[in-house]
1. Using a Gaussian network model on the chain with a 10 Å cutoff between Cα atoms, which of 27, 51, 119 fluctuates the most?
2. Please identify the chymotrypsin sites (Phe, Trp or Tyr not before Pro) of the range 30-131 that satisfy two criteria: DSSP loop assignment and at most 11 other Cβ atoms within 10 Å. Which are they?
3. Just to confirm, what accessible area per residue do you get for the chain at 1.4 Å probe, in whole Å²?
4. Could you compute how fast the chain diffuses translationally, taking Rh as the Kirkwood radius over C-alpha pairs and applying Stokes-Einstein at 4 °C with viscosity 1.567 mPa s? Give it in µm² per second.
5. Over the chain, how many pairs of lysines fall under 17 Å by alpha carbon, counting only those 8 or more apart in sequence or from different chains?
6. Rounded to the nearest percent, how much of the accessible area of the range 59-130 (1.4 Å probe, protein heavy atoms only) is carbon and sulfur?
7. Take the chain, connect every pair of alpha-carbon atoms lying under 10 Å apart with a spring to form a Gaussian network, then pick out the residue of 50, 121, 17 with the largest mean-square fluctuation.
8. Using only the C-alpha atoms of the range 59-130, find the volume of their convex hull and express it per residue in Å³.
Amino acid sequence: MTQIQSPDRSPLAPFWDAAQEGRLVIQYCAACGETRFPPAPVCSNCLSPDQAWRDASGRGKLESWAEFHRAYWDRYKGKVPYTVCLIRLEEGPLLVSNLVGEPSGLAMGAPVHVVFEKQEDGHMLPKFRIS
Ligand code: ZN
């Protein structure tokens with residue numbers, strides 16, 4: 001298997017490294033347990049710099065969504081319409097992603113679960129499907 005390296009070691013690198021393995025991870029504070037997304041070098045709850053990552057359940061609830069009919073990036077040409085969604089993870093943080101699959105059951109608060117889609121360039125993207 002080809003190992004795909006992140007273009008840099010951005011604060012999101014652990015998130016993308018895990019996604020490449022088909023895992024959804026979330027940053028948490030080792031001092032107080034607070035979870036967050038996007039990641040931060042210091043906890044916004046207790047100001048501890050002791051931040052770590054752990055597997056997320058991959059489950060959440062649909063908070064909002066919008067169907068895009070225009071491709072704002074070349075990579076999305078030919079993929080419209082697609083649905084951008086706001087997911088409240090079970091662990092608490094909000095995550096912007098794409099909703100895939102049949103739209104039946106589409107409603108605020110609908111339970112969703114993560115799925116990983118391999119892109120043309122080999123990168124895995126976490127997306128969500130109505131459960
Ligand atoms: Zn904390």
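1. Evaluated over the chain, the most mobile residue of the options is 119.
2. Details: sites: 53, 65, 68, 72, 73, 76, 82, 116, 128; in loops: 72, 73.
Those satisfying the criteria are 72, 73.
3. Here the per-residue accessible area is 61 Å².
4. The calculation lands on 82 µm²/s.
5. The number of close lysine pairs in the chain is 5.
6. Of the solvent-accessible surface of the range 59-130, carbon and sulfur hold 54 percent.
7. Looking only at 50, 121, 17, the largest GNM fluctuation is found for 121.
8. Numbers: hull volume 6.5 nm³, N = 72.
Normalising the Cα hull of the range 59-130 by residue number yields 90 Å³.
The values are calculated or read from the model by the stated rules, or taken from the named source; none is laboratory data. These numbers were taken from a predicted model, which means no experiment stands behind them. Reconstructed Cβ throughout: ideal geometry from the backbone, glycine too, with neighbour counts over all protein chains shown. The accessibility values were calculated without ligands, DNA or RNA, using every heavy atom of the protein model including side chains. Shrake-Rupley method; radii C 1.70, N 1.55, O 1.52, S 1.80 Å.
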